[in-house]
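Some notes on the structure that comes next.
Read-outs throughout are calculated quantities, based only on the coordinates presented, and are distinct from any laboratory measurement. Everything quoted here is computed from the prediction, not taken from an experiment. FYI the Cβ positions are ideal-geometry reconstructions off the backbone, even for glycines, and counts take in every protein chain you see.
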Amino acid sequence: MSAQKRGAETKGKGSNKHKRVDSADCCVDEDKESLNVIEDDSGKALVVSSSDDEEDLVSSSIDVGSDESSESSNVSSVDLDFLSEDGDLLIDYHDIEESESGEADLHKRFLCCTKNSDHKGLIPLDEFSNNHIPNGDNLLYKCIQTIADLTVRVDVKIISSQRPEFWPGSTKSYPFYKSNQSNLRAGSGWVSGVRQFTDDGKKCWCTKCQGSEFSSGAWWEVEVTTTKHLVFDTLEAGNTSLRFFYDKEDSPVVIIDKVIMENLGKDKCLLKFATCDSNLGDQLERSQEKFASFWFKVYQKYLPARDEDKFSFIVSHPHGGCKRVSVGHWKEKKNEDELTRFTYTTCTCPGSSGALVLFPGYGNRFVPEFFHSGSLKSGFNVSVAELMYTQFF
Ligand SMILES: [Zn+2]
Ligand SMILES: [Zn+2]
């Protein structure tokens, strides 16, 4: 068999002590949204203005107080939002966009957004540059660009009657339980695996080939990871479509509308599809290879100082619109049984559920592994709970 695939390897548990709380809140502190904020060793925040020209960077120092005082004033509020009196997880907001009248309604929802009304923390992909990256790190910038290339919009047109009333092990309401309110839900996903088949006896099962006597012998099987609260089961997957390369408003429309699903764990799911469209298959395979190359280097580079840097990046489809990039920091890691959730300031809106969240130095050398879920009452965003990988190269 001629096949290539990217995938994860053995998982293990790990825990790391948080050290500080940063000041770069693109959602919480809107005055700093257009700036890169980096803390130096003395606890000063180095503020770097955005510029198209690296030579023109202007910097200044702002005293943000000691690590200890920042931590003590913020951690307790995060903890209170995570846990109610009975220990229940309080996710009060998922980041799925809903539209009663389909696609046409999504743009209106962007304009009427109540979560981030000016959307300054969500950088349009075609305006994103390495000036938005801490220290202008070109390697990290290229890595995020390839993550963007692999980010997809996920549209779901049906609500399964099998959705539970509550989050598992919780008394918190599960999204869209017994709901028939929307006819379109929009979120995000990420191409986590691409496998090419060539003349190995297994035939393409794309929509076109399934209805044909002559299915193609050269084809790709593609995996997209997203959240289960966005695509709950096989019924919803059967009514899900994926839009690729939606980088700007006038991007060509590339849609896959036949996917199947596999569960991946507590709140993640894997969507799979086949394609013998060589343009789509080749492009996704190349992007996956580029991502793997960049991520391996980023992982190694950021692993040693990951708990000091606390960087966090997301590429998503806010309000079902074209891709936007957000830059921020993670705040806390919280253990739930053997799983870990991150909280972060990195900006999201409805439509961002299911997007990959990059925490440089976390994940493993092959994949970052964390995906966006929703928000806490404190205003911090929160990832899906995930096993922590053992650190190794
Ligand atoms: Zn918004
Ligand atoms: Zn086919």
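Here are the numbers for this structure:
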| item | result |
| --- | --- |
| Amide H partners (placed H, <5 Å) of L387, local residues excluded | T340 |
| Of the GluC sites (Glu not before Pro) in segment 230-269, those whose Cβ has at most 12 other Cβ within 10 Å and which sit in DSSP loop | E249 |
| Relative contact order [Cα under 8 Å, 6+ residues apart], segment 190-307, whole percent | 28 percent |
| Calculated from backbone phi, Karplus (6.51, -1.76, 1.60) coupling profile of segment 239-247 in Hz, x at Gly/Pro | 10, 10, 10, 10, 10, 9, 6, 7, 7 |
| For F197, distant residues with modelled amide H under 5 Å away | W219, W220, E221 |
| Estimated vicinal HN-Hα couplings, Hz - segment 119-132 in sequence order (Karplus 6.51, -1.76, 1.60; Gly, Pro = x) | 6, 5, x, 10, 7, x, 4, 6, 9, 6, 9, 6, 6, 7 |
| For peptides 139-148, 105-114, sequence by mean Cβ density within 10 Å, most packed first | 139-148, 105-114 |
| Other-chain or far-sequence residues with amide H under 5 Å of I123's (modelled H) | V325, S326 |
| Of K120/K272; K266/K301; K172/K248; K301/K331; K268/K323; K208/K272, those spanning more than 26 Å from alpha-carbon to alpha-carbon | K120/K272; K266/K301; K172/K248 |
| Karplus-derived 3J(HN,Hα), 6.51/-1.76/1.60, for each residue of segment 95-112, Hz, glycine and proline x | 10, 9, 8, 10, 9, 6, 10, x, 4, 4, 7, 5, 4, 4, 5, 4, 5, 9 |
